[in-house]
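A short worksheet on the structure shown next.
Bear in mind that the values in this text are calculations on the coordinates, not laboratory data. The shown structure was predicted, so the numbers you read here are calculated from the model rather than taken from an experiment. Glycine gets a Cβ as well: all are built from the backbone with ideal geometry, and neighbour counts include every protein chain shown.
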Amino acid sequence: MVGNRSRRTGYLKRMGSVLFCLLFIALICMRVQHVQGLVGSGWTKHTYNPVLYAALSWETHGVFGPFVMKDGSTYKMWYTATDIFDVARIGYATSSDGISWTKNPNAVLDVGSTGQWDSWGVYYPWVIKEASDSYKMWYAGTPDGLRGDIGLATSTNGI
């Protein structure tokens, strides 16, 4: 009888430990969900999303990585697009409201020639306008899709 009581006591202690651990994990999960609910709660997604989508032949695998600046009353967007071979190029679009965009039909920054540091793709543009006829774009480039570096391109009109 004493042996059974001691086994039951040991079993109850182990079960109590397991239940405590499960309760602790549940509390942590609830806390994480609460925090996740707070993150970004000040943003409301627009009803017309996506506002820019892949539609051109050199964008067949998608568009991403936008950079937008407002220049006077015009929104200007430079973005990354990938084709069927996952080669990335940088596109350009304009908008008066930031919702309806008109795309330039061709990439504004193409990949480098074979063997160049950016021959596989150019990504994630970041643009500044220094004067009415001077734009600078920093962008990521890759020769093989595995490693990348940052390059600089200049333009008189941003296109």
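Worth pointing out:
- Condition check for Thr154: surrounded by 14 or more Cβ atoms within 10 Å (Cβ to Cβ) and part of a strand (DSSP E or B): no
- Subset of segment 121-137 (residues that are in a strand (DSSP E or B), within 16 Å of Tyr75 (Cα to Cα) and of a type outside the set (A, V, I, L, M, F, W, C)): Pro125, Lys129, Tyr135
- Boolean, Asp86 is on the phi > 0 side of the Ramachandran plot and without any contact (Cβ under 8 Å) to a residue 60 or more places away in the chain: yes
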